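Trainee: Quick one: structure below, then a few questions.
The values are calculated or read from the model by the stated rules, or taken from the named source; none is laboratory data. It should be emphasised that the depicted structure is a prediction, and the values quoted were computed from it without experimental measurement. Methodologically, a virtual Cβ is constructed for each residue, glycine included, from the backbone with ideal geometry; neighbour enumeration extends over all protein chains shown. These area figures cover heavy atoms from the full protein model, side chains too; ligands, DNA and RNA do not enter into them. Shrake-Rupley method; radii C 1.70, N 1.55, O 1.52, S 1.80 Å.
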Amino acid sequence: MAQDDVFKKIVSHCKEYGFVFPSSDIYDGLAAVYDYGQNGVELKNNIKQYWWQSMVLLHSNIVGIDAAIFMHPTVWKASGHVDAFNDPLIDNKDSKKRYRADNLIEDQIAKYDEKIDKEVAKAKKRFGDAFDEEKFRQTNPRVLEHVAKRDALHERYTKAMQGPDLAELKQIILDEGIVDPISGTKNWTDVRQFNLMFSTEMGSLSDATSKIYLRPETAQGIFVNFANIQRTTRRKLPFGVCQVGKAFRNEITPGNFTFRTREFEQMELEFFCEPGTDLDWFQYWRGFCINWLKSLGMKDEEMRARDHSPEELCFYSKGTTDIEFLFPFGWGELWGIADRTDYDLTQHQNVSGQDMTYFDPEKNEKYIPYVIEPSLGADRVVLAFLCSAYDEEVLDAEKNDVRTVMHFHPALAPVKIGVLPLSKKLNEGAEKVFAELSKKYNCEFDDRGNIGKRYRRQDEIGTPYCITYDFDSETDGAVTVRDRDTMEQERIKIEDLDAYFADKFTF
Ligand code: ATP
């Protein structure tokens, strides 16, 4: 099945089974804004809880906070967002569509890579086992031509972005003959800068002094509280501060379902450490984040860590890695891990005039700590786990019997256990089982329809275990437990269910 079709199926599955709905659906939705339904909210909450537990509860030197979305406007001046949180924007005069100039050029670079891969695939088919891919890549004239064009474009683009040199970005688009995918024309406007922050007015007077912003990231709430937290926790370096919360960006080209939206949630850690130890901590957190995703079932082939080249790095960063996931629409950033040096605290010290230094009792000196920031988008990681879990299993090709199943890790599954009485006459006994298990797990009680259909419905929302309470249960005090992935069933005494599931849901 084409990847486009897979993605369409996942999006419609999300709507059909209460994971994600378009916002304000009865009014035809609001572009690129989404609501989480009954299963989506459980999935998202499970991810957030697992993250909080791994970060805050399992690290004795990490604490959490919950800062307000509104902040003093000067925060965003100090952080650089007022002056530099911009994307280069370009419009096509025929389609009236708006694009990010950098994305148009990045897509063009990717096209050269696709051409190279096509040449390699063609040659592989032609030469069969005798094919030496490395030699082919190094010597084939067509491949070399594409590589040269790609490298030249990459160099020119990287240089233009450093300014950024907006006229040069437009010139690149013209020189490369990039056309608007909708109108098919090259009738472009000039490139201009567009600030991504949403602003609004606070209070009843609307003048320049009342302008405030909806935070575009949660991190600044941690930086401005650094001194408060250090003083009240009496933590020594290294220590970290976590936060989960909403962020808002007026993205020029939102899209790919919940991948890029204008309102989203971030899970951020700011890990403060002594200058000089930062690169070691950067490596530690890089490894930690990869393992965290794997511990929830993400597969090696679905993820990659992309280290930024020196030209790509922000001027204050000593190292940045994006952990990317292979979505049906291509690789996309999930988690950005950056060594931000002492940039943010120094900026706030300079602009606010408040002391942001840390007194190191061992060295008997004061300095501004360095910070490592792993920043994860909650909505993006939810989407990644939805894509990773979605599966269509052919059970019987002749009868066209296909089972749609969400193979969520048990820690993430919205519903942990389905309780299904075989007949409505058995509801009383089944309800007792449900009441007991509901004290610990999110369970669903379903007594409607035939048992096969009920199993399938639980598969479709990714419930790892279903309990069937049948007529024998009344006499033998046992139920049948069905495993979602293997579809195997086993008979378990009701009194043993607690221990049985404790074992299944311990991570
Ligand atoms: P991108 O390059 O994809 O726009 P970014 O590099 O600007 O992302 P960061 O500023 O590093 O992103 O934000 C940290 C994380 O927040 C990202 O890795 C991503 O998971 C999430 N995120 C950022 N922008 C959005 C958005 N518009 N919608 C959903 N999640 C987002």
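Trainee: Please sort 250-259, 142-151 by packing, taking for each peptide the average over its residues of neighbouring beta carbons within 10 angstrom, highest first.
Mentor: 250-259, 142-151
Trainee: Here's a follow-up. What is the extension gain from ALA110 to ALA397, computed as 0.36 nm multiplied by their sequence separation minus the C-alpha to C-alpha distance, in nm to one decimal?
Mentor: Residue separation times 0.36 nm, minus the Cα-Cα distance, leaves 99.6 nm.
Trainee: Same structure again: If each residue of separation counts as 0.36 nm, what is the full-extension length gain between GLN171 and GLN49 once their alpha-carbon separation is subtracted?
Mentor: Residue separation times 0.36 nm, minus the Cα-Cα distance, leaves 39.2 nm.
Trainee: Please find the FRET efficiency linking GLN283 to THR475, where r is the Cβ-Cβ separation and R0 is fixed at 45 Å, and quote it to the nearest 0.05.
Mentor: 0.15
Trainee: Per residue of the chain, what 222 nm ellipticity follows from adding -39500 (n - 2.57) for every DSSP H run with n ≥ 4, rounded to the nearest 500?
Mentor: The helix-only estimate for the chain comes to -11500 deg cm²/dmol at 222 nm.
Trainee: Related question: To the nearest 10 degrees, how steeply does helix 141-162 sit against the main Cα axis of the chain, on a 0 to 90 scale?
Mentor: 70 degrees
Trainee: While we're looking at this one, here's another question. Cα to Cα, under 16 Å, and not fewer than 8 places away if on the same chain: which aspartates and glutamates meet these conditions relative to LYS363?
Mentor: GLU274
Trainee: Can you give the three extents of the C-alpha atoms in region 21-79 along their principal axes, from longest to shortest, in whole Å?
Mentor: Taking the Cα atoms of region 21-79, the three principal extents are 46, 35, 14 Å.
Trainee: Once you list every other residue whose beta carbon is under 12 Å from the beta carbon of ASN450, what net charge do they have if Lys and Arg are +1 and Asp and Glu are -1?
Mentor: Computed value for this residue: +3.
Trainee: Let me ask another. Using only protein heavy atoms and a 1.4 Å probe, report how much of LYS453 is accessible, in Å² to the nearest 10.
Mentor: 140 Å²
Trainee: Between LEU58 and LYS439, with labels modelled 7 Å along Cα→Cβ, what's the label distance in nm to one decimal, could you check?
Mentor: In this crude spin-label approximation the distance works out to 2.7 nm.
Trainee: Kindly flag which residue pairs out of LYS48/LYS97; LYS44/LYS453; LYS44/LYS122; LYS77/LYS294; LYS15/LYS159; LYS125/LYS149 have an alpha-carbon separation exceeding 32 Å in this structure.
Mentor: LYS48/LYS97; LYS44/LYS122; LYS77/LYS294; LYS15/LYS159
Trainee: Here is a further query. What does the net charge come to around GLN193 if you take all other residues with beta carbon closer than 15 Å to its beta carbon, with K and R at +1 and D and E at -1?
Mentor: -3
Trainee: Quick one: Cα centre-to-centre distance for region 67-113 and region 409-460, in angstrom?
Mentor: About 47 Å separates the Cα centre of region 67-113 from the one of region 409-460.
Trainee: Set Lys and Arg Cβ to +1 and Asp and Glu Cβ to -1, take the dipole of the chain about its Cα centre, and tell me which of HIS409, TYR17, ILE222 lies farthest positive.
Mentor: ILE222
Trainee: Taking Cα atoms, how many degrees apart are the long axis of helix 378-389 and the longest axis of the chain, rounded to 10 and kept between 0 and 90?
Mentor: With rounding to tens, the tilt is 50 degrees.
Trainee: Compute the helix-to-body angle for 278-295: its Cα long axis versus the longest principal axis of the chain, expressed 0 to 90° and rounded to tens.
Mentor: Approximately 30 degrees, to the nearest ten.
Trainee: Just order 210-220, 1-11 by mean Cβ neighbour count inside 10 Å, highest at the front, would you?
Mentor: Sorting 210-220, 1-11 by mean packing, highest first, produces 210-220, 1-11.
Trainee: Here's something else I'd like to know. Mark the label point 7 Å from the Cα of GLN38 along Cα→Cβ and return the residues of region 449-493 whose backbone N is within less than 17 Å of it.
Mentor: From region 449-493, the list is 449, 454-464.
Trainee: In region 290-395, which trypsin sites (Lys or Arg not before Pro) are in a loop and have at most 13 other Cβ atoms within 10 Å, using DSSP for the loop call?
Mentor: Listed in order of number, the matching sites are LYS299, LYS363.
Trainee: What is the extension gain from ILE492 to LYS432, computed as 0.36 nm multiplied by their sequence separation minus the C-alpha to C-alpha distance, in nm to one decimal?
Mentor: 20.1 nm
Trainee: Can you give me the distance in nm between label points at PHE131 and LYS9, each placed 7 Å from the Cα along the Cα-to-Cβ direction?
Mentor: So the label points at PHE131 and LYS9 sit 2.7 nm apart.
Trainee: At a Förster distance of 60 Å, what's the computed FRET efficiency of TYR500 paired with GLN138, Cβ-Cβ distance as r, to 0.05?
Mentor: Between TYR500 and GLN138 the formula returns 0.55.
Trainee: Something else now. In debye to the nearest 20, how big a dipole does region 186-333 give about its Cα centre with +1 on each Lys and Arg Cβ and -1 on each Asp and Glu Cβ?
Mentor: 380 debye
Trainee: Along the Cα→Cβ direction, 7 angstrom out, place labels at LYS77 and GLN162. What is the inter-label distance in nm?
Mentor: Going from the LYS77 label point to the GLN162 one covers 3.0 nm.
Trainee: Which FRET efficiency, nearest 0.05, do ALA121 and PHE329 yield, Cβ-Cβ r, R0 25 Å?
Mentor: After rounding, the FRET efficiency stands at 0.75.
Trainee: With every protein chain left in place, what is the accessible area per residue of the chain in square angstrom, probe 1.4 Å?
Mentor: That works out to 50 Å² for each residue.
Trainee: Same structure again: I'd like the antiparallel share, as a percent to the nearest 5, of DSSP beta bridges with both residues in region 379-507.
Mentor: 65 percent
Trainee: Compute, for the chain, the length of the dipole vector about the Cα centre, with Cβ point charges of +1 (Lys, Arg) and -1 (Asp, Glu) only. Units Debye, rounded to 20.
Mentor: 640 debye
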